[in-house]
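**Student:** Quick one: this structure, given as structure tokens, is what I'll be asking you about.
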Amino acid sequence: MDDRREPYFAQAQEGPLPEGAVGRGLTGNVTTPICDFVRAYAAKAPVRLHMPGHKGAGLLGVEAMDITEIDGADELYAAGGIIAESEANASALFGAPTFYAAGGSSMAIRAMLLLALEHTGGVEGATVLAGRNAHRAFVSAAALLGFDVAWLWPSAGAAYHCCDVTAGEVEAALEGMGGRCRVVYLTSPDYLGHIPDLAAIAKACHRHGALLLVDGAHGAYLRFLRPSIHPMDLGADLCCASAHKTLPALTGAAYLHLRPGLDIDARRVKAALALFGSSSPSWLILQSLDACNPYLETLPDRLAAFLPELDGVKAALVRHGYALTGDEPMKLTIRAGDYGATGDALAAALIEGNIYPEFHDPDFLTLMPTPANAGEDLRRLEDALLSVPRREAVFRAAPPFHAPVRALSIREAALAPRETLPVDQCAGRVLAESALSCPPCVPIAVCGEVIDTDTIQRLRFYGIRACAVVR
């Protein structure tokens, strides 16, 4: 591969898509170079004396489209051919330099943290100001890279999946750190669909010379609303998004976006992704990202047709007594207690009708419909939820959060010898592995923290029965 190539984002366009581009996209003819190459290769029925070992014919039926970096293809981490062309298409659609990740947003989160810390002075001794509802990929990045974390805590009574942080709180925290922190990390949308005021938060960060990083895993589609509420259009400096969560892409397909004009070289971005990714990325995932680009051209029209239909379902549920939470247009999250139920019970009722939700716990039921669920799917969902009898409201206050004592850094605890004990035997011990359930992969307690009686109550409330503690 030629290391002298220029970055390939010349056609990336800043800001939202222009009016008039809706329905036809930027060119009206977005190409799919990765898909085209693989289809042409498979059609030749070649003798495959290269990886993978299935040789194009295997147990799943998709093997003919699964290749490796053969002659004529491209290399994800040194793209200069069909992958570069496809990423340039995505960059134009998102209005920002966009890179593919075949290891999900988890991979992109780790890479963007490394890039941001390097850009702002280096990883060693750095502190990141982060919302406490960060995904476990953020915690693993702290363990791998060794940076310190200062937490932004949710308001009293808020669920652990949320961090209803404000621009004023971010600014106060940055001022209190006296310039020691130049990277702020937030999750938006969060797992329940809440979206903080990113535009105001971005301005607060930039006033203090800090970059704003956003885990936007659940919001790839937000760019294609009218107006866009994608983090990159609201002032974020780096953002990841999982194409597979809200777009018709395969699991593991993700994007890493950079603010146009941010002085980070494309080759360094690729190197950061390579540090955390497999040297054998899935070409099925890369094809699904490539195939999404023409879909993204049509997505504004699809959303304009689908969201009123989904809003009608939400309105019917509210009239029936359900209480909804969250701001994200394409997510439906129910506060179960207001209806006299638990999220687990509502999920069981749906599953009995062959409808599978995204997430449920004692308090919430989260559903993630997309335009692929228009029509019959939404009607079935509405009928199933309306058939659940309403009971007297139940208000179960989750054990409150508080700032725990930290005995070790995240890195020290994550790499320490450990043992696993029942939660009730962990009082006073130091957590060695962040305690979480998956989904939502948001830690209830973070490694390095001392487990006290309040932490034990929270862990038990959310069904965690054992913890890995430092030996």
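**Student:** Residue by residue through segment 83-110, note down the ones that are closer than 14 Å to residue 230 by Cα and β-branched (Val, Ile, Thr).
**Tutor:** 98
A quick yes/no check of all residues on (1) more than 30 Å from residue 368 (Cβ to Cβ); (2) surrounded by 18 or more Cβ atoms within 10 Å (Cβ to Cβ):
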{"position": "412", "(1), (2)": "yes, no"}
{"position": "415", "(1), (2)": "yes, no"}
{"position": "424", "(1), (2)": "yes, no"}
{"position": "433", "(1), (2)": "no, yes"}
{"position": "436", "(1), (2)": "no, yes"}
{"position": "439", "(1), (2)": "no, no"}
{"position": "444", "(1), (2)": "no, yes"}
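**Student:** Which one is farthest from residue 197 (Cα to Cα) among residues in segment 318-370 that are surrounded by fewer than 20 Cβ atoms within 10 Å (Cβ to Cβ) and of a type in the set (Val, Ile, Thr)?
**Tutor:** Only one residue tops the list, namely 351.
**Student:** Applying the selection to segment 55-69, what residues are surrounded by 15 or more Cβ atoms within 10 Å (Cβ to Cβ) and either among the hydrophobic types (A, V, I, L, M, F, W, C) or outside the structural domain of residue 44 (by TED's automatic domain parsing) (or both)?
**Tutor:** Passing the criteria: 64, 65, 67.
**Student:** Same structure again: Note down all Cβ pairs under 8 Å where the first residue falls in segment 335-359 and is polar (S, T, N, Q), the second is assigned to a helix (DSSP H, G or I) and buried (at least 16 other Cβ atoms within 10 Å of the Cβ), and they're at least six residues apart or on different chains.
**Tutor:** 342/336
**Student:** Something else now. Does any residue of segment 440-453 turn out to be of a type in the set (A, V, I, L, M) and out of contact with any Leu (no Cβ under 9 Å at 6 or more places or on another chain)?
**Tutor:** There is no residue in segment 440-453 that is of a type in the set (A, V, I, L, M) and out of contact with any Leu (no Cβ under 9 Å at 6 or more places or on another chain).
Here's the yes/no breakdown for (1) without any contact (Cβ under 8 Å) to a residue 24 or more places away in the chain; (2) touching a helix residue (DSSP H, G or I) at 6+ places or on another chain (Cβ under 9 Å); (3) polar (S, T, N, Q):
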| site | (1), (2), (3) |
| --- | --- |
| 439 | no, no, no |
| 453 | no, no, yes |
| 458 | no, no, no |
| 467 | no, yes, no |
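**Student:** Checking the conditions here, which among 221, 255 is over 25 Å from residue 181 (Cβ atoms), assigned by TED's automatic domain parsing to the domain that holds residue 287, in a strand (DSSP E or B) and not basic (Lys, Arg)?
**Tutor:** On the way: 221 fails: in a strand (DSSP E or B).
Result: 255 is the single residue among 221, 255 that is over 25 Å from residue 181 (Cβ atoms), assigned by TED's automatic domain parsing to the domain that holds residue 287, in a strand (DSSP E or B) and not basic (Lys, Arg).
**Student:** Restricting attention to segment 114-128, report how many residues are touching a Phe, Trp or Tyr at 6+ places or on another chain (Cβ under 7 Å) and either crowded, with 22+ Cβ neighbours inside 10 Å or closer than 23 Å to residue 404 by Cβ (or both).
**Tutor:** Qualifying residue count, segment 114-128: 4.
**Student:** Something else about it: Anything in segment 169-192 that is among the aliphatic types (A, V, I, L, M) and either surrounded by fewer than 22 Cβ atoms within 10 Å (Cβ to Cβ) or under 21 Å from residue 117 (Cβ atoms) (or both)? List them, or say none.
**Tutor:** Restricting attention to segment 169-192, the residues satisfying the condition of being among the aliphatic types (A, V, I, L, M) are 170, 172-174, 177, 183-184, 186, 192.
Once the filter is applied, which keeps residues that are among the aliphatic types (A, V, I, L, M) and either surrounded by fewer than 22 Cβ atoms within 10 Å (Cβ to Cβ) or under 21 Å from residue 117 (Cβ atoms) (or both), segment 169-192 yields 170, 172, 173, 174, 177, 183, 184, 186.
**Student:** Quick check on this structure: which one of 432, 413 is in contact (Cβ under 8 Å) with a residue 40 or more places away in the chain, under 26 Å from the mean Cα position of the chain (by Cα) and under 19 Å from residue 147 (Cα atoms)?
**Tutor:** Of the residues listed, the single one that is in contact (Cβ under 8 Å) with a residue 40 or more places away in the chain, under 26 Å from the mean Cα position of the chain (by Cα) and under 19 Å from residue 147 (Cα atoms) is 413.
**Student:** Would you check which residues across segment 60-72 are in a loop (DSSP other than H, G, I, E, B), in contact (Cβ under 8 Å) with a residue 60 or more places away in the chain and not polar (S, T, N, Q) and list them?
**Tutor:** 62, 66, 67 - these are the residues of segment 60-72 that are in a loop (DSSP other than H, G, I, E, B), in contact (Cβ under 8 Å) with a residue 60 or more places away in the chain and not polar (S, T, N, Q).
**Student:** Pick from segment 221-271 the residues that are touching a residue at least 60 places away in the same chain (Cβ under 8 Å), β-branched (Val, Ile, Thr) and closer than 23 Å to residue 193 by Cβ: which of them is surrounded by the most Cβ atoms within 10 Å (Cβ to Cβ)?
**Tutor:** Going through the qualifying residues, I end up with 246.
**Student:** Sticking with this structure for a sec: Any residue at all in segment 384-393 that is out of contact with any Ser or Thr (no Cβ under 6 Å at 6 or more places or on another chain) and within 30 Å of residue 449 (Cα to Cα)?
**Tutor:** For segment 384-393, residues out of contact with any Ser or Thr (no Cβ under 6 Å at 6 or more places or on another chain) and within 30 Å of residue 449 (Cα to Cα): absent.
**Student:** Can you name every residue in segment 284-302 that is hydroxyl-bearing (Ser, Thr, Tyr) and under 18 Å from residue 98 (Cα atoms)?
**Tutor:** Result: 288, 295.
**Student:** Output yes when any residue across segment 391-403 is in a loop (DSSP other than H, G, I, E, B), within 17 Å of residue 361 (Cα to Cα) and among the charged types (D, E, K, R), and no when none is.
**Tutor:** The answer is yes, given that some residue of segment 391-403 is in a loop (DSSP other than H, G, I, E, B), within 17 Å of residue 361 (Cα to Cα) and among the charged types (D, E, K, R).
**Student:** If you don't mind, another one. Mind listing just one residue for me: the one in segment 278-315 that is crowded, with 21+ Cβ neighbours inside 10 Å and in contact with a Gly (Cβ under 6 Å, 6 or more places away or on another chain) and, of those, nearest to residue 386 (Cα to Cα)?
**Tutor:** 297
**Student:** Being more than 17 Å from residue 459 (Cα to Cα), crowded, with 18+ Cβ neighbours inside 10 Å and not aliphatic (A, V, I, L, M) is the filter here; which residues of segment 155-168 pass it?
**Tutor:** 163
The values are calculated or read from the model by the stated rules, or taken from the named source; none is laboratory data. Fair warning: this is a prediction, and the values are worked out from it, not measured in the lab. Every residue, glycine among them, receives a Cβ derived from its backbone with ideal geometry; neighbour counts consider all protein chains shown.
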